[in-house]
Amino acid sequence: MNFSEVFKQSNQLCKVSPDGKYLATCVQYRLVVRDFNSLQIVHLYTCLDQVMHMEWSSDSLFILCAMYKRGLVQVWSLEQPDWHCKIDEGSIGLVSSRWSPDGRHVLNTTEFNLRVTVWSLCTKAVSYIKYPKACQKGVDFTADGRYMALAERRECKDYISVFVCDDWHLLRHFESETQDLAGLEWSPNCCVLAVWDNCLEYKILLYSLDGRLLSSYSAYEWSLGIKSVTWSPSSQFLAVGSYDEKVRILNHITWKKITEFEHPTTIINTKAVVFKEVEKRPTRLVSDEITQLPAQVPVIKPDPDRANPKIGISALAFSADNRFLATKNDNMPQSLWVWDMLRLSLLAVLEQTAPVRCFVWDPHRPRLALCTGNTKVYLWSPAGCVSVNVPVEGSFQVQSLFWHCSGSSLVLLSKEHICLLYGLFSQPG
């Protein structure tokens, strides 16, 4: 494994192009584009204000930079560095900006969610979509880029509109059977739209592309409900994490629960392996040791008087081969749980010395990378667990990380810097 030198970044704005050739970072007003392999600067752009959001187009030819405070979006071209586009939303303001799947339209959501404006880079045409709902995840595109689902709120009711992305005409518009819609997400096979209610009511709804309600699922009532939702890459499973510290797995045939994963304070499952990070004094070396069962999981008691209590399943992620599911329970912040989806049972628990900040699967292999805000990167695969120290001058505390699309490298982000970890093909898995 090899590490690159360290580069500056601002606001955690660092993205690899979809084709894997370039690395874009924002440093205050500047957008820096490097060749991913050599890390040589190939383009340098100066924006009109500090960048708050940055995003590649799907074909890796354009980069969008949003400056929300000024209601501005600038688009830069890699093929024609002298060409650029500026979109000014004016006094109506701007709270989010994103690409359409074709990489030729920019979707801006204005302040107070008054409307979504669709700007065409090719024809300069402008379209407006009214009543977008301000919620956790109110917009989602199908994986093939053909359709967009948008959550709407009008006359105190939730609605869903499905648009065709070619010309933005309305395909379907229907009322959602939710009290206060919190999010929606298409299945990877583009056939089913999952819609879930806010945390005050446990309800998840499954709609077809033409707006038919396929199924509705509710695990319980009169308690805080859904906290996280994710599809498996094959679309066979829908994992639903909730405030009761459980993950429920729904199947794609009947949309019924096939199992639920609990996160107990004591692990007694003899088939599960608990990896515990141990700091050895006086050398202060850190290693991962396998803990004897039964094993106690560190728990933090949430404050019942505060909003959004630190309890329940806040993060879920399937491996690319659908074989494993990783979960994080907020009142057990130092532990990451890995479940075997073939046997529908707990496979491993990674217990760290600090709360897990970020975890992400290799895009090709069953291999998991995570960080805890210290100077280490942790890698888990079915073959075992390993930690790697980031050997840079000073203290590089890894706040977040993500994989290169090839699975051969990791991009590590500290508060103000980035560093690349190369040579991960040889990792067992």
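The values are calculated or read from the model by the stated rules, or taken from the named source; none is laboratory data. Being a predicted model, the structure only gives us computed values, none of them experimental. Because the Cβ atoms are built from the backbone with ideal geometry, glycine has one as well, and the counts that use them run over all protein chains shown. Side chains are part of the model used for accessible areas, which takes the heavy atoms of the whole protein and leaves out ligands, DNA and RNA. Shrake-Rupley method; radii C 1.70, N 1.55, O 1.52, S 1.80 Å.
When the range 150-172 is examined, which residues are found to be more than 25 Å from the chain's Cα centre (by Cα) and over 21 Å from PRO101 (Cα atoms)?
Within the range 150-172, ARG154, GLU155, CYS156, LYS157 qualify.
Could we say that LEU410 is buried (at least 22 other Cβ atoms within 10 Å of the Cβ) and more than 28 Å from LEU293 (Cβ to Cβ) here?
Details: buried (at least 22 other Cβ atoms within 10 Å of the Cβ): yes; more than 28 Å from LEU293 (Cβ to Cβ): yes.
Judged against the criteria, LEU410 is a match.
Wholly within the range 190-233, which strands (runs of 3 or more DSSP E) include no fewer than the required count, namely at least 1 residues that are surrounded by 22 or more Cβ atoms within 10 Å (Cβ to Cβ)?
Working: elements: 192-197, 204-208, 213-217, 226-231.
Passing ranges, in order: 192-197, 204-208, 226-231.
Could you please find all residues in the range 131-155 being within 11 Å of TRP186 (Cα to Cα) and of a type in the set (Asp, Glu)?
ASP140, ASP144 - these are the residues of the range 131-155 that are within 11 Å of TRP186 (Cα to Cα) and of a type in the set (Asp, Glu).
For CYS419, which of the numbered conditions (1) part of a loop (DSSP other than H, G, I, E, B); (2) surrounded by 18 or more Cβ atoms within 10 Å (Cβ to Cβ) fails to hold?
Here CYS419 meets the rest and fails (1).
Which of the residues belonging to the range 375-407 are of a type in the set (A, V, I, L, M) and open to solvent by 50 Å² or more (accessible area, probe 1.4 Å)?
ALA383, VAL386
Given the structure, is ALA354 within 28 Å of ILE258 (Cα to Cα) and not β-branched (Val, Ile, Thr)?
Answer is no for this residue.
Is there any pair linking a residue in the range 9-29 that is under 13 Å from VAL42 (Cα atoms) to one that is of a type in the set (Lys, Arg), with Cβ under 7 Å and at least six apart or on different chains, and which?
Sorted first by the residue in the range 9-29, then by its partner, the pairs are TYR22/ARG34; LEU23/ARG34; ALA24/LYS15.
Kindly indicate the residue of the range 298-330 that is in a loop (DSSP other than H, G, I, E, B) and buried (at least 20 other Cβ atoms within 10 Å of the Cβ) and also nearest to the chain's Cα centre (by Cα) among those meeting that condition.
The extreme case among them is SER319.
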